[in-house]
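One structure below.
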Amino acid sequence: MTIQWLEEAQEEFCQGAGFYEEQVEDLGERFIARVESAITRILAAPLMPRCFFEQCRKVRVEKFPYALIYTIDEQSIKIIALAHAKRHPDYWKDRQVK
């Protein structure tokens, strides 16, 4: 199964990594590693998290206040958002989720 990122989600990933790297050296790299770990967990059991909005599922990014919001089809996992848990939690819901 392949991973596809919506452009907005990819931007959130880059912005998050950049923000953390500006705060503390190597913190951006740790953020990237934790997001990659969350993706590995999704690939291992994509149906494990229950749907919570339409067909969207979510996996928390360990050690950081983020969650990957995604959908699944027959061939791919689409990352809809890398959502910050403390900021406007529903902002991404108007994105194309199909």
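Nothing in this text is a laboratory measurement; each read-out follows from the coordinates by a stated rule. Treat the numbers as computed from the prediction; the structure is a model and nothing was measured. Counting neighbours? That spans all protein chains shown, and the Cβs are built from the backbone with ideal geometry, glycine included.
General observations
- Long-range amide H partners of ALA81 with built H, under 5 Å: ILE69
- Dipole magnitude of the stretch 29-98 about its Cα centre (Cβ charges: Lys, Arg +1; Asp, Glu -1), debye to nearest 20: 280
- Annotation for the stretch 14-85: trypsin sites (Lys or Arg not before Pro) lying in DSSP loop with at most 10 further Cβ atoms inside 10 Å of their Cβ are ARG50.
- Estimated from helical segments only, the mean residue ellipticity of the chain at 222 nm is -12000 deg cm²/dmol, where each DSSP H run of four or more residues counts as -39500 (n - 2.57).
- Helix axis angle, 27-44 relative to the chain longest principal axis, alpha carbon, degrees: 20
- More than 21 Å apart - percent of Cα-Cα pairs taken over the stretch 2-86: 24
- Within the chain, percent of DSSP bridges classed antiparallel, to nearest 5: 75
- Nearest-ten-degree value, helix 7-23 long axis tilted from longest Cα axis of the chain: 20
- If R0 is 30 Å, the Cβ-Cβ spacing of ARG87 and GLU54 corresponds to a FRET efficiency of close to 0.90.
- Residue order, fewest to most beta carbons within 10 Å, for THR2, THR71: THR2, THR71
- Vicinal HN-Hα couplings computed from phi for the stretch 78-88 (Karplus, 6.51 cos²θ - 1.76 cosθ + 1.60; Hz; Gly/Pro x): 9, 7, 8, 7, 10, 8, 6, 5, 9, 10, 5
- Hz values of 3J(HN,Hα) by residue in the stretch 59-75 - Karplus curve (6.51, -1.76, 1.60), Gly and Pro given as x: 10, 6, 8, 4, 6, 10, x, 10, 9, 8, 9, 8, 10, 10, 10, 4, 10
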